[in-house]
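For reference, the structure is listed below as structure tokens.
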Amino acid sequence: MCAFKVGPDFIDPGYHSRISGNVSRNLDGWMLTEDYNRDTFRKYARASDLAVVEGVMGLFDGYDGRSEAGSTAQMAKWLKLPVLLVVDARSMARSAAALVCGFEDFDQDVDFAGVVFNRIGSRTHLAYLREAVADRSRMHCLGGLPREPLLSLPERHLGLVTTDENPLSSNYIDTLADIVENSLELEAILSGLSDVPDKQVEKHPDMDELYTARIGVARDEAFCFYYQDNLDILESSGAELVFFSPLRDKLLPQGISGLYLGGGYPELFARRLSDNASLRGEIKELGEKGFPIYAECGGFMFLCRGIQDTEGDFYPMAGAYPFAVRMLSRLKSLGYREVCLASRCPLGIPGQVIRGHEFHYSEMIEGPGDVQHAYRIMDRRGDDKYAEGFLVKNTLGSYVHLHFGSNPGVAKNFVRLCWEKGNAQEVRGDFLKLKSNKKR
């Protein structure tokens, strides 16, 4: 079994992977092209006996009120997949049929496999729901999941607690599987599925221009927001990825000539990150030497002078940037972003466009001052919005999580710059010993 997540979410795929035993990948109708999404789905679905795609928000919710761009409905039509509608039926009976009918008639091009009701109170409650749907809708009711507090997952800002901190136990997964098997008409659901088409365009990097570089990737409970495709695209562009933990490792991996710091929750681990002075110092030194460092959101916060929590306590961080950030009790920014490179940076040259998403509860305490802006952020309509992407030598940080699938060339640019810097400079210290970084 393999799983996919519609939208820019980082947390849900972790739970998919834990249950399915396979890496879950993001699909997105706004950040990525129809061909990219279709090829990604087909490539990994064909290797499994069952593929499940979890939607994003409501079925028809996308990036605005008029377009289906970025919605689950759009993805279902692109991939030609039937939709299993899940309706929260708590405190509802016959009214649930009105809701189902509305979804059924909203877009005639969406193919529905049926409806499943969630958080039902009893078998009698489910019987009412079945009667109402059978009387008014063409859609079949395929079961109902009971209210079960034991299956609730803990939440916090940015969504569910991640699987890095809340790994699902085998007992939890077994209990969940038993409830699903006893509550849903699985045979009816599975019988309506079709085979994945074989047609797919295989894309291969240009081997004549492939450079190799050993790149450190921060990955632990504090830094866990990565699109799997980003890591795969870096590797296909010549990167050897070496994972390390800023929470636990005192030194950077040996032989690296670049860093990728993803998003996550550095604010929740600020004291431990701050106490790891040796690693913070090595990261700052790496940046000062001009080696490429790319950081997104939480990784960007870690590169700042420090993080101030909501209680006012301040924790020094890597100090690659002269400004600090502070946590807020409210959401600061949320939405899709289109980035146009305004200056040469580790990701490429001016004019290149990359798409991504922004979601955070922090802001800069001081302005960037003389720090160069490498990005012009465009809104959904393509209008110039503001400058971002903070560049100090070859250290590039931003609040935006970019999806390299929207422009795979940026990963190639980053790997090539890592190769160039790794070979152009005399490297000292164990953490910068090069390991045959050469063009192949």
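No value in this document is a laboratory result; all are computed from the given coordinates. These figures come from a predicted structure and were not determined experimentally. Cβ coordinates were reconstructed from backbone atoms using ideal geometry, including for glycine residues, and neighbour counts include every protein chain displayed.
Footprinting exposure proxy ranking of 288, 338, fewest other C-beta atoms within 10 angstrom first, gives 288, 338. Once the Cβ-Cβ distance of residue 187 and residue 387 is raised to the sixth power relative to R0 = 56 Å, the FRET efficiency obtained is 0.50. A crude spin-label estimate for the pair residue 363 and residue 194, with each label 7 Å from Cα along the Cβ direction, gives 5.0 nm.
Is the C-alpha gyration tensor of the stretch 72-159 telling us rounded, prolate or oblate? Criteria: a/c under 1.5 is rounded; beyond that, a/b larger than b/c is prolate, otherwise oblate. Oblate, because a/c is 1.5 or more while a/b does not exceed b/c. Full extension of the chain segment joining residue 344 with residue 155 gains 64.1 nm, where the gain is 0.36 nm per residue of separation less the Cα-Cα distance.
Extension gain for residue 108-residue 34 works out to 24.6 nm (0.36 nm per residue, less the C-alpha to C-alpha distance). Rounded if a/c is under 1.5, else prolate if a/b beats b/c, else oblate: with a ≥ b ≥ c from the C-alpha gyration tensor eigenvalues square-rooted, which is the stretch 2-191? In terms of gyration-tensor shape, oblate. Taking 7 Å steps out from each Cα toward its Cβ at residue 330 and residue 138 produces label points 4.6 nm apart. Taking every alpha-carbon pair under 8 Å whose residues sit at least 6 apart, the stretch 2-191 reaches a relative contact order of 18 percent. The residues neighbouring residue 399, those whose beta-carbon lies less than 11 Å from its own, together hold a net charge of -2 under the Lys/Arg +1, Asp/Glu -1 convention. The value of relative contact order for the chain, using C-alpha pairs under 8 Å at least six residues apart, is 13 percent. The fewest-to-most ranking of 328, 261 by surrounding Cβ atoms within 10 Å reads 328, 261. The charge dipole of the stretch 2-191, taken about its Cα centre with unit charges on the Cβ of Lys, Arg, Asp and Glu (plus for the first two, minus for the last two), comes to roughly 180 debye.
Database remark: amide H of residue 352 closer than 5 angstrom to the amide H of 341 (H placed geometrically; neighbours at sequence offset of 5 or more, or on other chains; Pro and chain starts carry no H).
Here the chain is assigned +1 on the Cβ of each Lys and Arg and -1 on the Cβ of each Asp and Glu. Its dipole about the Cα centre then comes out at about 960 debye. Can you tell which of 347, 395, 315 lies farthest toward the positive end of the dipole of the stretch 302-400, using +1 and -1 charges on the Cβ of basic and acidic side chains (Lys, Arg; Asp, Glu)? Towards the positive end, the residue furthest out is 347. With the simple model of a label 7 Å out from the Cα in the direction of the Cβ, residue 242 to residue 277 spans 2.5 nm. With a cut-off of 13 Å on the backbone N, the residues of the stretch 318-345 near the modelled label site 7 Å out from residue 370 along Cα-Cβ are 322. Each of 331, 145 was scored by other Cβ atoms within 10 Å of its Cβ. Listed from fewest to most, they are 331, 145. Dipole size of the stretch 207-432 about its Cα centre, with +1 on Lys/Arg Cβ and -1 on Asp/Glu Cβ: approximately 200 debye, rounded to the nearest 20. Just check the chain against the gyration tensor rule for me: Cα atoms, a ≥ b ≥ c as the square roots of the eigenvalues, rounded for a/c under 1.5, and otherwise prolate or oblate depending on whether a/b exceeds b/c. Prolate shape, in that a/c is at least 1.5 and a/b is the bigger ratio.
With a Förster radius of 25 Å, plug the Cβ-Cβ distance of residue 171 and residue 90 into 1/(1 + (r/R0)^6) and report the FRET value to the nearest 0.05. Given R0 = 25 Å and the Cβ-Cβ separation, E is 0.45.
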